[in-house]
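The values are calculated or read from the model by the stated rules, or taken from the named source; none is laboratory data. What you see is a predicted model; the values in this text were computed from it and never measured. Every residue, glycine among them, receives a Cβ derived from its backbone with ideal geometry; neighbour counts consider all protein chains shown.
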Amino acid sequence: MPEIQPSVDKQEILCAEIPGEPCGLAVFGASGDLTKRKLIDSLFQLFRRGLLSDKFYFIGCGRKDITDDDYRDIVAVRFIPRRAYSGRTYSVGTL
């Protein structure tokens, strides 16, 4: 019987994007600038691509005295699309 060969090469197998196992991430300095600018954005990209487990959890500690809800609000601001808003009304003829 002939040996069965994979249809992809070893590099493609190593680079396959599969969801991670259930895990947690403990971050010391979670209220710092680097966490907000780099780590949170990277975790969000993994989430969007379906690469974080449903059982992933994040534990952060920092020097700022803030509540869990305040921290969630700070992090959520990173993902709200920035939009310009004008309270003026326009008619079709003026555009």
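Among helices (runs of 4 or more DSSP H) lying entirely in the chain, which contain 2 or more residues that are at pLDDT 70 or above? Talk me through it step by step, then tell me what you get.
Values: elements: 10-14, 40-48, 68-77.
Filter on the chain gives 40-48, 68-77.
Looking at the stretch 27-82 only, could you name the residues that are more than 12 Å from the chain's Cα centre (by Cα), surrounded by 10 or more Cβ atoms within 10 Å (Cβ to Cβ), of a type in the set (D, E, K, R) and under 20 Å from GLU17 (Cβ atoms)?
LYS55, the sole residue that qualifies.
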